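The values are calculated or read from the model by the stated rules, or taken from the named source; none is laboratory data. In this text, all values refer to a predicted model and were calculated from it rather than measured experimentally. Neighbour counts are summed over all protein chains in view; Cβ atoms, including those assigned to glycine, are modelled from backbone coordinates with ideal geometry. We work out accessible area using only protein heavy atoms, side chains counted, and drop any ligands, DNA or RNA first. Shrake-Rupley method; radii C 1.70, N 1.55, O 1.52, S 1.80 Å.
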Amino acid sequence: MVPVEMKNVYASIILSCFFHLNASAQKTIKAKDAYKHIGQKVFVVGQIKAQAGPGYLNSISFYITTDSIRVGLGITVPYEIWSKYKLGEKNLTTNLKGQTMKVYGLIKLYGEPQIEIKKASDLQLIMR
C-alpha cells in the first residue's frame, strides 16, 4: 500500500507537469517566424503594415510584420468579431497601420502564413 502522503506527492507532480506542458504550448512568436509554425496554434506579435476591408466578404484583413521584414502574417477577422470589437472610441475599421497587434490561432499556409480569428479574445491591439 502507498501511504496517503505519497499519493498526494504523486498527484501534485502529475498536475504540475500537466500545467507546465499547457503553459509551454502557449508560446509567442514574431510575425516573421510564422512560416516556421504552420499547423501550430501560437500567439503572434507584429506591427500592422496593411489593412483592408470590410469589403464584399464583410471581413477585415491585416498584414503584420516584425523587425522591418516584409515577410509576415495575414490575419482575417470575420464580421461577427470586428463588428463588436471596441478599443476605446476606436474599432477595427479605423486605420490602425503602425499599431502593434497580438493574435492567437492556428497558422495555415495560403501562399503566405495566415490566421483566421475565431473569437474576440484571440486579438489584442497593443496601444503605444
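Within region 26-42, being within 12 Å of the chain's Cα centre (by Cα), over 15 Å from Glu116 (Cβ atoms) and either of a type in the set (Phe, Trp, Tyr) or open to solvent by 60 Å² or more (accessible area, probe 1.4 Å) (or both) holds for Gln26, Lys27, Thr28, Lys30.
Please enumerate the residues belonging to region 100-127 that are part of a loop (DSSP other than H, G, I, E, B) and open to solvent by 40 Å² or more (accessible area, probe 1.4 Å). If the condition is that a residue be part of a loop (DSSP other than H, G, I, E, B) and open to solvent by 40 Å² or more (accessible area, probe 1.4 Å), then Gly111, Lys118, Lys119, Met127 are the ones that fit. Taking region 62-98 as the range and being under 20 Å from Asp33 (Cβ atoms), of a type in the set (S, T, N, Q) and out of contact with any helix residue (DSSP H, G or I) (no Cβ under 8 Å at 6 or more places or on another chain) as the test, the residues that pass are Ser68, Thr76.
Taken over region 66-99, residues that are crowded, with 18+ Cβ neighbours inside 10 Å and among the polar types (S, T, N, Q) amount to 3.
Would you mind stating whether Ile60 is modelled with pLDDT under 90, open to solvent by 90 Å² or more (accessible area, probe 1.4 Å) and farther than 16 Å from Ile126 by Cα?
Values: modelled with pLDDT under 90: yes; open to solvent by 90 Å² or more (accessible area, probe 1.4 Å): no; farther than 16 Å from Ile126 by Cα: yes.
Here the answer is no, as Ile60 does not meet what is asked.
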